[in-house]
Amino acid sequence: MAKEKKGVRLEHISKIYKDPKSGKDFYAVQDTNLEIEPGSFVTLLGPSGCGKTTTLRMIAGFESPDEGEIYLGGEPINALTPNKRDTAMVFQSYALLPHYNIFDNVAYGLKLRKMDPEVIKSKVADILALVGLEGMENRMTNQLSGGQQQRVALARALVIEPGVLLFDEPLSNLDAKLRVSMRTEIRRIQQEAGITAVYVTHDQSEAMAISDKVIIMNKGIVEQVATPHEAYYYPKNEFVADFIGEANFIEATVVAQDMVQVDGVNLKCTTGTLSTGSCCDIVLRPEGAFLADEGDLSGLVEYSCFMGAYQDYHVRVGHNLVKIQEYNPKNKKIYNVGDKVFLNFEENTLYAL
Amino acid sequence: MAKSQSASLERKKLLADPILCTTIVLLVVFLTVFILYPLAILLVDSFVSDNGITTDIFKRVMGLSNFRRAITNTLKVGFLVGIISTLIGLLFAYVEVYVKLRTRFIEGLFKLVSMLPVVSPPFVLSLSMIMLFGKAGIITRFLLKIYDNSVYGFWGIAIVQTLTFFPVCYMMLKGLLKNIDPSLEEAARDMGASRLKVFMTVTFPLILPGLGNAFLVTFIESIADFANPMIIGGSYDTLATTIYLQITGAYDKQGAAAMAVVLLGITLLMFMVQKYYLEAKSTATLSGKASRERMLITDKSVTVPLTIACSALAIFVIVMYICVPFGALFKTWGYDFHLTTKWFEQVFVRYKGLKTFKDSFVLSLISAPITALLSMIISYLVVKRKFKAKGFIEAVSMLAMAVPGTVLGIGYIRGFAGGIFGTGILQSLYGTGAILVIVFVVRSLPTGTRSGISALRQIDKSIEESAYDMGADSFRVFMTVTLPLIKDSFLSGFITSFVRSITAISAIILLVTPSYLLITVQINEFAEKGSYGIACAFATILIMITYGSVLIMNLLMKYFGTSKKVKFDE
């Protein structure tokens with residue numbers, strides 16, 4: 001559907017803001033380099049204040065970078081105003097024009113492009129069908145539910161066939177159930193339209209579900225660019241490991257290639273480039289281990305709680321407190337607080353930082 | 001860390017938008033020439049004489065005993081009026097927000113009181129004060145049989161100004177009280193505090209900055225007021241009237257300029273305190289929205305006295321207003337109460353009434369749309385755009401609020417009579433209707449801008465950004481998104497500016513030439529002469545025009561206002 005899929009490239013982008021309290025300048029985004037492939041779905045993920053929205057708004061043109069250059073489809077766009085950029089944004093608050101009906105909202109961008117009224121009519125009808133709002137042209141925006149409003153916002157952005165579609169936390173005003181179904185919907189529409197998309201969210205599960213690649217940001221710096229799979233299993237650092245999913249960090253020493261030692265016990269673990277003899281933290285996902293009466297590492301249960309889908313344990317191993325989630329607990333032995341247990345690790349689950 | 005790149009990029013983006021750029025440049029020029037320059041010229045006038053920079057002029061002016069007296073007079077009136085207006089305003093606001101008003105009648109009274117200062121010319125109360133309590137006053141002469149009561153002077157001004165300005169305090173404080181979360185007071189009640197204790201320990205401290213704010217606003221209004229002291233002041237001169245007399249009576253333009261600088265200094269100082277200290281503070285303590293409806297006080301021992309006090313005051317104010325049309329219908333006020341139309345006939349036959357109303361009406365009608373549009377543009381730029389001159393535009397258009405009309409008038413005389421800096425540029429403007437229109441615009445701009453800014457702040461920034469993002473330039477965004485969304489504010493700006501213009505006097509009286517006849521100037525003239533019948537006839541028609549305009553505005557709002565079609569999600 002898009003005329004041309006465009007890639008986005010950020011070269012050494014920095015944005016400096018003034019802290020309103022102390023009056024000091026600080027980097028909201030610092031020396032960021034990104035390459036977003038044409039047609040891909042990329043998520044900027046991070047806690048609030050990490051610079052993800054600022055980055056998105058710089059791509060849209062609402063903010064100007066203090067250093068570096070942004071390229072859209074190979075062209076530098078730093079000096080272009082938002083209305084001259086081939087981008088379209090879906091806003092967190094939907095930002096529908098409240099004095100227009102659905103048709104006029106969706107047709108707004110097309111009318112600015114001075115298209116033939118008949119063409120506009122059919123394009124609007126097509127795009128409303130794509131987002132599942134056929135025949136709603138004459139409704140006013142306040143007659144729609146939140147989910148429907150967000151669909152209109154999406155339709156309005158899609159219909160002008162932008163080179164890149166930008167999403168600024170589009171689902172955070174919706175309730176939890178709707179959020180899950182809408183994200184699948186957004187992904188489907190993006191693939192059908194074959195459009196490049198940059199998506200900002202602080203919700204890691206949303207990012208995992210929707211993206212080809214996630215860009216994890218923290219304090220203005222890009223921590224890792226990876227597929228959801230890589231980011232989960234091979235986090236680059238503690239921040240990423242902790243932010244994506246839950247993680248235990250267990251202190252260990254590398255004793256050989258792919259072998260670490262914890263409390264005198266040798267464990268198989270991906271060590272990557274870490275040299276033998278160095279100290280490291282091994283990352284253990286809560287579902288990556290199970291408890292048994294015998295096994296690899298001994299520990300003491302300090303907390304045990306039934307959560308439905310899984311049994312939640314905190315196990316003291318040396319001076320580490322390890323969180324374990326055992327799924328489908330109905331058919332498994334349940335340990336209680338004070339029980340002595342052994343941790344057993346699933347194949348290929350340990351990863352050293 | 002250098003922010004130079006973003007600054008230069010923002011500049012480039014701005015330059016890519018020629019309509020926006022031109023608008024900004026024109027605005028800056030307009031504000032500089034018609035607000036800053038006239039004030040600057042007053043400074044020049046009062047500090048520069050033939051022998052270079054000097055304070056001689058100030059020394060000379062301060063040496064005038066009538067000027068020194070005018071300063072103390074003005075401050076005395078200002079303080080008294082400020083305090084009493086705030087207290088009465090608080091009483092009304094408290095009763096409206098906290099007390100269950102039993103009847104529609106009393107609700108109506110409250111509404112009327114809040115609307116009167118908007119629709120009435122500023123000096124109507126002075127007229128009725130004289131007619132009720134003066135030498136020939138109905139109450140003094142006929143009810144109380146006092147034949148030599150003098151309403152002129154300090155108490156006359158103070159009473160009239162208080163009655164004129166307290167509704168403004170009432171409206172300001174009502175807004176504040178409504179924002180207090182009832183649960184704060186309920187918590188105090190729950191812990192055992194009496195109603196009085198709750199008011200003294202919770203409500204009062206919370207609105208204290210707001211009270212200060214109301215006081216200062218009234219104080220500024222009072223010391224800038226020209227018309228009331230002119231009509232009812234008698235020999236009790238205030239700064240505004242002294243300055244006026246200095247230029248019209250003594251032809252001492254430099255002296256008047258120096259005096260104007262003193263008056264401006266006082267109002268500016270008060271304005272700064274109000275704007276940058278109290279306003280921020282009062283909103284900071286009361287930023288929260290009321291979570292629930294307040295339980296209204298129904299206790300009779302509280303409601304009855306408060307309601308009676310407010311109603312009595314409200315009825316008194318309304319009677320004073322009603323007095324004016326009657327003044328125009330009686331043969332000789334205070335002596336002969338036969339109904340007559342002779343004053344109205346005189347207005348139209350002898351005193352060019354038709355031309356007067358036409359001139360006032362047309363000039364105000366020209367200035368109203370200009371003001372409304374200009375203030376919406378300024379609010380849009382200030383709230384939604386980033387650019388260098390933004391601070392300047394906001395500051396100067398707000399500054400106009402602190403400039404008393406008399407000061408502006410003197411500034412225009414000094415600034416434009418000989419052209420800009422005496423060069424003859426724009427000299428042709430002087431004495432024309434155009435300069436009157438400009439004065440009207442400048443005088444109404446701050447109120448319009450204020451309402452525009454608060455309306456725009458309610459609108460999510462991303463609504464305009466989305467339009468911008470889809471390819472609309474600033475001009476289109478403003479026309480297709482901003483303006484439709486603040487239609488209400490635009491309409492009310494239009495009418496308010498019209499009403500303010502048609503009732504304005506202080507700046508205009510110094511600038512108007514015999515080729516233009518204005519209602520307010522006529523009223524002032526006849527009231528000065530003691531021809532109250534004619535003054536009342538003029539005033540009656542003026543009130544009818546303004547009241548009619550407000551009614552039309554309310555109708556328009558009802559049928560075309562945004563609030564009907566669109567509900568805003570915050």
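The values are calculated or read from the model by the stated rules, or taken from the named source; none is laboratory data. Source: prediction; values computed, not measured. Glycine also receives a Cβ, built like all others from the backbone with ideal geometry; neighbour counts cover every protein chain displayed.
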Count - residues of the stretch A:58-80 that are facing chain B (nearest Cβ under 9 Å) and under 26 Å from residue A:149 (Cα atoms): 4
Qualifying positions in the stretch B:417-439 - buried (at least 16 other Cβ atoms within 10 Å of the Cβ) and at pLDDT 90 or above: B:435, B:436, B:437, B:438, B:439
Residues located in the stretch B:177-202, provided they are at pLDDT 85 or above and crowded, with 20+ Cβ neighbours inside 10 Å: B:177
Subset of the stretch A:153-181 (residues that are of a type in the set (Val, Ile, Thr) and either within 11 Å of chain B (Cβ to nearest Cβ) or more than 27 Å from the chain's Cα centre (by Cα) (or both)): A:159, A:160
The stretch B:141-161 residues that are in the same structural domain as residue B:223 (by TED's automatic domain parsing), paired with ones that are surrounded by fewer than 13 Cβ atoms within 10 Å (Cβ to Cβ) and charged (D, E, K, R) (beta carbon under 7 Å, 6 or more apart): none
Filter result (within 24 Å of the chain's Cα centre (by Cα) and charged (D, E, K, R)) within the stretch B:515-540: B:525, B:528
So residue B:311, is it in the same structural domain as residue B:138 (by TED's automatic domain parsing), within 21 Å of residue B:119 (Cβ to Cβ), outside any loop (DSSP other than H, G, I, E, B) and of a type in the set (Ser, Thr, Tyr): yes
Selection count where residues are β-branched (Val, Ile, Thr) and closer than 18 Å to residue B:511 by Cα, scope the stretch B:232-267: 5
Filtered residue count, the stretch A:21-57, keeping only those that are closer than 16 Å to residue A:220 by Cβ and either polar (S, T, N, Q) or within 14 Å of chain B (Cβ to nearest Cβ) (or both): 16
Verdict on residue B:95 being in contact with an Asp or Glu (Cβ under 9 Å, 6 or more places away or on another chain), in a helix (DSSP H, G or I) and crowded, with 22+ Cβ neighbours inside 10 Å: no
Unmet requirement for residue A:32, which otherwise passes all of (1) in contact with a Leu (Cβ under 8 Å, 6 or more places away or on another chain); (2) among the hydroxyl-bearing types (Ser, Thr, Tyr); (3) surrounded by fewer than 21 Cβ atoms within 10 Å (Cβ to Cβ): (3)
Count of residues meeting criterion [more than 15 Å from residue B:377 (Cβ to Cβ), of a type outside the set (A, V, I, L, M) and either in contact with a helix residue (DSSP H, G or I) (Cβ under 6 Å, 6 or more places away or on another chain) or not in a helix (DSSP H, G or I) (or both)] in the stretch B:1-35: 2
The stretch A:127-139 - residue that is touching a residue at least 24 places away in the same chain (Cβ under 8 Å) and surrounded by fewer than 17 Cβ atoms within 10 Å (Cβ to Cβ) and, of those, nearest to residue A:111 (Cα to Cα): A:138
Of all residues in the stretch B:480-501 being within 14 Å of chain A (Cβ to nearest Cβ) and of a type in the set (A, V, I, L, M), the one that is farthest from residue B:441 (Cα to Cα): B:481
Cβ pairs under 9 Å, 6+ apart, first in the stretch B:248-264 and free of Cβ contacts under 8 Å to residues at least 24 places away in the same chain, second surrounded by 19 or more Cβ atoms within 10 Å (Cβ to Cβ) and of a type in the set (S, T, N, Q): B:252/B:246
Those helices (runs of 4 or more DSSP H) lying entirely in the stretch B:454-570 with at least 3 residues of a type in the set (S, T, N, Q) and surrounded by fewer than 23 Cβ atoms within 10 Å (Cβ to Cβ): B:532-560
Boolean, residue B:469 is of a type outside the set (A, V, I, L, M) and closer than 23 Å to residue A:167 by Cα: yes
Residue B:266 of a type in the set (Val, Ile, Thr), in a helix (DSSP H, G or I) and more than 15 Å from residue B:157 (Cα to Cα): yes
Meets criteria (without any contact (Cβ under 8 Å) to a residue 24 or more places away in the chain and within 30 Å of residue B:416 (Cα to Cα)) for residue B:66: no
Of all residues making up the stretch A:46-92, the number that are over 19 Å from the mean Cα position of the chain (by Cα) and of a type in the set (Ser, Thr, Tyr): 4
Complete set of residues in the stretch A:296-353 that are among the basic types (Lys, Arg) and farther than 23 Å from residue A:237 by Cα: A:316, A:330, A:332, A:333, A:340
Residues being out of contact with any Phe, Trp or Tyr (no Cβ under 8 Å at 6 or more places or on another chain) and either under 19 Å from residue A:56 (Cα atoms) or within 8 Å of chain B (Cβ to nearest Cβ) (or both) - total across the stretch A:82-138: 15
Single match in B:521, B:499 (criterion: in contact with a Ser or Thr (Cβ under 6 Å, 6 or more places away or on another chain) and within 30 Å of residue B:414 (Cα to Cα)): B:499
The lone exception for residue B:242 - which of (1) surrounded by 20 or more Cβ atoms within 10 Å (Cβ to Cβ); (2) within 24 Å of residue B:333 (Cβ to Cβ) it fails: (2)
Top-ranked residue in the stretch A:313-331 [being more than 27 Å from residue A:279 (Cα to Cα) and touching a residue at least 24 places away in the same chain (Cβ under 8 Å); ranked as surrounded by the most Cβ atoms within 10 Å (Cβ to Cβ)]: A:326
Qualifying positions in the stretch A:1-18 - charged (D, E, K, R) and either buried (at least 17 other Cβ atoms within 10 Å of the Cβ) or away from chain B (no Cβ under 12 Å) (or both): A:3, A:4, A:5, A:6, A:9, A:11, A:15
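Every residue, every condition in (1) loosely packed, with under 14 Cβ neighbours inside 10 Å; (2) within 14 Å of residue B:124 (Cα to Cα); (3) more than 28 Å from the chain's Cα centre (by Cα), yes or no:
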| residue | (1), (2), (3) |
| --- | --- |
| B:294 | no, no, yes |
| B:297 | no, no, yes |
| B:300 | yes, no, yes |
| B:304 | yes, no, yes |
| B:314 | no, no, no |
| B:329 | no, no, yes |
| B:332 | yes, no, yes |
| B:339 | yes, no, yes |
Some residue of the stretch B:29-37 being at the interface with chain A (Cβ under 9 Å from one of its Cβ atoms) and in contact with a Ser or Thr (Cβ under 7 Å, 6 or more places away or on another chain): no
